[in-house]
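One structure below.
The values are calculated or read from the model by the stated rules, or taken from the named source; none is laboratory data. This structure is a prediction, so every number in the text was calculated from the model and none was measured. FYI the Cβ positions are ideal-geometry reconstructions off the backbone, even for glycines, and counts take in every protein chain you see.
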Amino acid sequence: MPASAVVYGCRGAELAPEERAFFRDANPLGFILFSRNAENPAQVERLCGALRESVGNPEAPIFIDQEGGRVQRLKPPHWRARPPARVFGTLFESNPDSGREAAYLSARLIAHELRTLGITVNCAPVLDVPVTGAHDIIGDRAFSSDPAAVIELGRAAIEGYLDGGVLPVIKHIPGHGRATADSHLALPRVATPANELSSHDFVTFRGLNHAPIAMTAHVVYEAIDSRRPATTSPRILHNVVRREIGFAGLLISDDLSMAALEGPLGARAKAAFFAGCDVALHCNGKFDEMKGVAAEAKPLAGAALARADAALGQLRPPVPLDFAAAEARLDAIIGAMV
């Protein structure tokens, strides 16, 4: 039976019986972990096993946001702190080869930590291009304000994750860099003309449109659709993401529980699917909300199922690597910046 087109979070470090029963019945495509779910490596590995067991699929994808910098769900002392993406952009400005190498190594080492735990999908890299005056919700999570640099470093990170046996998720398509609000708290609106968006904001996603998975932006682009954010806009998802940007991979919504979206969770999920999202993401583990999403979720089928199979089919065994040497090399490259 095909999985339901949803990725869910759970409440804590262990899977509760009622969660296990819900996931068994809802049969989601996969799961996403947060800091609340991560106490130590053995516990995370056990939780990943329990989540997969709940849906009877030992290969169910498990997602996380492990970008480095401010957005890192697995934290010291059990996991190594990683630099934000902007560090690699700064490196790239003075030495493009060092910047690319460091971005690759960081992604490769993050992938190693994730894969060891049973986590197979990382919601990174961020391909947004920040502009002056935008909200700092993106900030140093972005590689650079130069789209060409973002493409180079984003490509290196994508290769690092794939070589490490983890699928990358590019975000936030078609671009969150101009947002003047934090979409966790409010709905950002961007009034920039469409031709400027196309020649600047969308460029990075167009340049890396071969990525296996992309996550949508809860952002209104008024010149394209003045009423609906990208996540729930057929005009943006079909005309911009699929046609103009040329992204043919698996398209997953950003978290449906974020305050940028309005209405009951079921209505949000329905709108995201209608707009063209292949998979809906719900993160907070709240039962009432998950039930609302489940009521609108359908089994993956047709083109969405084909895209999910193609994306997950890109998972491969990690390329051999001397991890101690890689850590030392990354430290040396970053240390040379001082």
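Descriptive notes on the structure:
- Counting only helices (runs of 4 or more DSSP H) that sit completely within the range 232-338, those holding 1 or more residues that are within 20 Å of HIS184 (Cβ to Cβ) correspond to 265-275, 287-296.
- Counted residues, the range 81-122 - those being part of a helix (DSSP H, G or I) and touching a Ser or Thr at 6+ places or on another chain (Cβ under 6 Å): 2
- Taken over the range 146-203, the residue count meeting the criterion of being among the β-branched types (Val, Ile, Thr) and either out of contact with any Phe, Trp or Tyr (no Cβ under 8 Å at 6 or more places or on another chain) or part of a helix (DSSP H, G or I) (or both) is 6.
- Counting only residues that are in a loop (DSSP other than H, G, I, E, B), among the β-branched types (Val, Ile, Thr) and either in contact with a Phe, Trp or Tyr (Cβ under 7 Å, 6 or more places away or on another chain) or buried (at least 24 other Cβ atoms within 10 Å of the Cβ) (or both), the range 123-140 holds 1 of them.
- Residue match in the range 191-202 (condition: among the aromatic types (Phe, Trp, Tyr), crowded, with 17+ Cβ neighbours inside 10 Å, within 19 Å of PHE92 (Cα to Cα) and touching a helix residue (DSSP H, G or I) at 6+ places or on another chain (Cβ under 7 Å)): no
- All of ILE110, ILE119 fail the test of being surrounded by 19 or more Cβ atoms within 10 Å (Cβ to Cβ) and farther than 15 Å from ALA157 by Cα, apart from ILE119.
- Members of the range 286-307 found to be surrounded by fewer than 20 Cβ atoms within 10 Å (Cβ to Cβ), more than 19 Å from LEU250 (Cα to Cα) and either touching a residue at least 24 places away in the same chain (Cβ under 8 Å) or of a type in the set (Lys, Arg) (or both), listed by number: LYS286, PHE287, LYS291, ALA295
- Taking each residue of the range 1-27 that is assigned to a helix (DSSP H, G or I) and looking for partners that are at pLDDT 95 or above with beta-carbon atoms closer than 6 Å, six or more apart or interchain, yields GLU19/CYS10; ARG20/SER54; PHE23/SER54; PHE23/VAL55; ARG24/SER54; ALA26/SER4; ALA26/ALA294.
- Of all the numbered requirements in (1) closer than 22 Å to ALA269 by Cα; (2) buried (at least 17 other Cβ atoms within 10 Å of the Cβ), ARG227 misses one, and that requirement is (2).
- Qualifying positions in the range 261-281 - crowded, with 24+ Cβ neighbours inside 10 Å and hydrophobic (A, V, I, L, M, F, W, C): ALA269, ALA272, CYS277, VAL279, ALA280, LEU281
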